[in-house]
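Peer 1: Submitted below is the structure of interest, expressed as structure tokens.
The values are calculated or read from the model by the stated rules, or taken from the named source; none is laboratory data. Here the structure is a predicted model, which is why all the values come from computation and not from measurement. Note: ideal-geometry Cβ built from the backbone for every residue, glycine included; neighbour counts use all protein chains shown.
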């Protein structure tokens, strides 16, 4: 009788060396950047290529930070994230496929407030390394654009000359460093 043992690699997000950023167009003339500072994430992979990995993220919405205290209060309000009612947003992968070289496609369910939509990220796998403490690390950059209105993030104002105060499209830029558990 032959048994095949398949190892599973377990990783956690190294929050000290990762960033979850977003960008929106403001007044149709400039971009405003922000980030979330409190989050967790796990990745389970069959091997070091990460093909078909299972990825889960949880983000505390109240940790939104745009370097403007008044704007951050507004983003935490019912008009946007409604942090009291929806303290977290999440992502659960449904597919992580290698396209070519270091390029991957990550598809999964993004939940903001009480709305879940499928999104696809373009991912670059930057490789692996061992840090000075002997920890195995892996690095990724993932990007996508979502429509905030689809998630119930509705507030906006129309400008005098037309156009909107903030764009409906939000670019998500995730710089992720994983650490093997």
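Peer 1: Could you list all residues from the range 103-133 that are in a loop (DSSP other than H, G, I, E, B) and over 26 Å from residue 86 (Cβ atoms)?
Peer 2: Passing the criteria: 131, 132, 133.
Peer 1: If you go through the range 136-147 one residue at a time, how many are farther than 22 Å from residue 98 by Cα and touching a residue at least 60 places away in the same chain (Cβ under 8 Å)?
Peer 2: Number of matching residues: 0.
Peer 1: On the given criteria, is residue 125 surrounded by 15 or more Cβ atoms within 10 Å (Cβ to Cβ), in contact with a helix residue (DSSP H, G or I) (Cβ under 6 Å, 6 or more places away or on another chain) and touching a residue at least 60 places away in the same chain (Cβ under 8 Å)?
Peer 2: So residue 125 fails the test.
Peer 1: Go through the range 134-154 residue by residue and tally those that are modelled with pLDDT under 95 and in a strand (DSSP E or B).
Peer 2: So the answer is 0.
Peer 1: Across the range 96-122, which residue is surrounded by the fewest Cβ atoms within 10 Å (Cβ to Cβ) among those that are touching a strand residue (DSSP E or B) at 6+ places or on another chain (Cβ under 7 Å) and without any contact (Cβ under 8 Å) to a residue 24 or more places away in the chain?
Peer 2: Going through the qualifying residues, I end up with 99.
Peer 1: Just to be sure I understand the filter: pairs with C-beta atoms under 6 Å, separated by 6 or more residues or on different chains, first member in the range 30-57 and without any contact (Cβ under 8 Å) to a residue 60 or more places away in the chain and on the phi < 0 side of the Ramachandran plot, second member part of a loop (DSSP other than H, G, I, E, B) and surrounded by fewer than 16 Cβ atoms within 10 Å (Cβ to Cβ). Which pairs pass?
Peer 2: As it stands, the answer is 44/8, since those pairs meet every condition given.
Peer 1: Then there is this: Going through the range 68-89 one residue at a time, which ones are outside any helix (DSSP H, G or I) and within 19 Å of the chain's Cα centre (by Cα)?
Peer 2: Keep residues of the range 68-89 that are outside any helix (DSSP H, G or I), which gives 68, 77-89.
Once the filter is applied, which keeps residues that are outside any helix (DSSP H, G or I) and within 19 Å of the chain's Cα centre (by Cα), the range 68-89 yields 80, 81, 82, 83, 86, 87, 88, 89.
Peer 1: So which residues in the range 26-61 are buried (at least 16 other Cβ atoms within 10 Å of the Cβ) and either modelled with pLDDT under 95 or assigned to a helix (DSSP H, G or I) (or both), if there are any at all?
Peer 2: 32, 61
Peer 1: With respect to residue 14, determine if the residue is surrounded by 15 or more Cβ atoms within 10 Å (Cβ to Cβ) and out of contact with any strand residue (DSSP E or B) (no Cβ under 9 Å at 6 or more places or on another chain).
Peer 2: no
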